[in-house]
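To start, the structure under review is shown below, and the notes come after it.
The values are calculated or read from the model by the stated rules, or taken from the named source; none is laboratory data. Since we're looking at a predicted model, the values are computed, not measured. No Cβ is skipped: glycine too gets one built from the backbone with ideal geometry, and neighbour counts run over all protein chains shown.
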Amino acid sequence: MHIANAQQPLWKSEAYSLYADSVVQQSFHAKAMSAKEIVSNYKSPANEFKSTAISFKFSINGKDNEMVSGTDHHFTIDGEKLRSETPLIVFGKQLKPKKTSKVTYLKTGSSLLVKLDMRSVFNDFKTKGFYIGGDGSKIY
């Protein structure tokens, strides 16, 4: 991305230069293509250090009904790989964190395959017509 017509900056400081249609900060450029579109090559430093440790929960019909409220699954993604996968997680049974002393961060483009076993839920639907969630609610 280049500054069109080598225009003079409207404002210039040690941190950045402001032009009529763009901003330049070191090697980063943002240019207004129209009143509704901006093109930028900026990379946020906040995204460089995302933890590989995640907490999550599954739900049926968007409710907090897999396990008792406040109980989540915990998994640490392998920060050395771009692709990781969880072990098979049985719906309603907590995946507990494995101890690791190594602090790693997610690589750009990382992906995670989450494997979920819902067989007991489907079996209850088939045999009983409902499933009792971890929160005690009856799900039909």
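Counting only residues that are closer than 30 Å to LYS107 by Cα and at pLDDT below 85, how many does the stretch 1-41 have?
Step one: list which residues in the stretch 1-41 are closer than 30 Å to LYS107 by Cα, which gives 1-2, 15-16, 22-32, 37-41.
Filter again for at pLDDT below 85, leaving 1-2.
Residues in the stretch 1-41 being closer than 30 Å to LYS107 by Cα and at pLDDT below 85: 2 in total.
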task = From ILE38, ILE89, ILE54, ILE77, grab the single residue that is among the β-branched types (Val, Ile, Thr) and within 18 Å of SER120 (Cβ to Cβ).
result = ILE89
Pairs, first within 11 Å of GLY92 (Cα to Cα) and free of Cβ contacts under 8 Å to residues at least 12 places away in the same chain in the stretch 115-138, second of a type in the set (D, E, K, R) and not in a strand (DSSP E or B), C-beta under 8 Å, six or more apart = ILE132/ASP124
key: Which listed residue, of THR76, THR52, is surrounded by 14 or more Cβ atoms within 10 Å (Cβ to Cβ) and under 30 Å from GLN26 (Cα atoms)   = THR52
request  = Filter the stretch 34-49 down to residues that are exposed (fewer than 10 other Cβ atoms within 10 Å of the Cβ) and hydroxyl-bearing (Ser, Thr, Tyr) and give me whichever is farthest from the chain's Cα centre (by Cα).
outcome  = SER34
